[in-house]
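J.: I have a structure here, written as structure tokens, and I will follow up with some questions on it.
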Amino acid sequence: MPNVLRNRAAAVALLFVSVAVAGCTGETPGTPSPTPGTSPSSASSAAPEDPNVPKVTNPLDASAFVGDACKLLPAAAAAELGFTEPGAPKNDTNNPACSWGIRGKADSLQIILGSGNREKGMGGLAGLHKAKEAGQLKFLEPGPDVEGYPTVYYGLQDRRARGNCDLSVGVADDLAISAQAEGYDNEQDSCGTAQKLASAMIKTLKGA
């Protein structure tokens, strides 16, 4: 994968950490996080108090993917989205991430597994809502349910009209996974792809 895609992937992964963790806690972006746990924490103990944050009725266990977020999108599912090159893992940030690119095209995908946010007690869609309340996120709005799981569109700004879609899906009350599609022609293409990416991730989790 070209270095520019890897650099962009690292920047976006750091953004996810800074707005969902540092923005809510006052911590400096890049501060080392605790080692992600190998088992999910209790969803009931982390139930969101904000009535605007939907509860996850059937939480999924993503612990098997903390060491390699790329496995959340199998090669066959990536190919269906037009990405035939292997994903590039990014495990040196607070939240494990993986990105995909298409040689010679701007289209790219990225998954960010919010296990680091969970370990800091700022996981799930509730963490993003708190970041919005703290002013670290300028844009946050409900997205469509994907495979029965709630989502939000989020970011420092709404980039959808420019073909960049940041979608976060709550797979447990205290764990969210970001599905991002960038470099597309318009909102329909980018957000449609992000939703397909989120759907593929959830299917992988259900089958794990």
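J.: Using only the Cα atoms of the range 67-114, each taken as one equal point scatterer with no solvent, compute I(q) by the Debye sum, divide by I(0), and report log10 of the ratio at q = 0.20, 0.26, 0.27, 0.33 Å⁻¹.
T.: For the requested q values the scattering log ratios are -0.60, -0.92, -0.97, -1.25.
J.: Also: Take the Cα of Asn186, step 7 Å along the line toward its Cβ, and report every residue of the range 140-179 whose backbone nitrogen sits under 12 Å from that point.
T.: 161-163
J.: I would also like to ask the following. How do the peptides 75-81, 166-172 rank, highest first, by the average count of neighbouring beta carbon atoms within 10 Å per residue?
T.: 166-172, 75-81
J.: Sorted by packing (mean other beta-carbon atoms within 10 Å per residue), highest first, where do 121-134, 98-111 land?
T.: Order by mean packing, descending: 121-134, 98-111.
J.: Within 12 Å, Cβ to Cβ, of Val66, how many net charges do the neighbouring residues add up to if Lys/Arg are +1 and Asp/Glu are -1?
T.: Result for the neighbourhood of Val66: -1.
J.: While we're looking at this one, here's another question. Quick check on the range 116-176: take the gyration tensor over C-alpha atoms, sort the square-rooted eigenvalues as a ≥ b ≥ c, and tell me if it's rounded (a/c under 1.5), prolate or oblate.
T.: Oblate, because a/c is 1.5 or more while a/b does not exceed b/c.
J.: Which lysines have a Cα less than 24 Å from the Cα of Lys55, not counting those fewer than 8 places away in the same chain?
T.: Lys120, Lys130, Lys132, Lys138, Lys196, Lys203, Lys206
J.: Working out 0.36 nm times the residue gap between Arg103 and Asn52, then minus their Cα-Cα distance, what length gain in nm do you get to one decimal?
T.: Full extension from Arg103 to Asn52 adds 14.3 nm.
J.: If R₀ is 41 angstrom, what is the calculated FRET efficiency for the pair Ala134 and Glu80, using the beta carbon separation as r and rounding to 0.05?
T.: So the FRET efficiency works out to roughly 0.65.
Quick note: the coordinates plus some simple rules give every number you see, no bench work behind them. Note that the structure is predicted; figures quoted are calculated from it, not measured. FYI the Cβ positions are ideal-geometry reconstructions off the backbone, even for glycines, and counts take in every protein chain you see.
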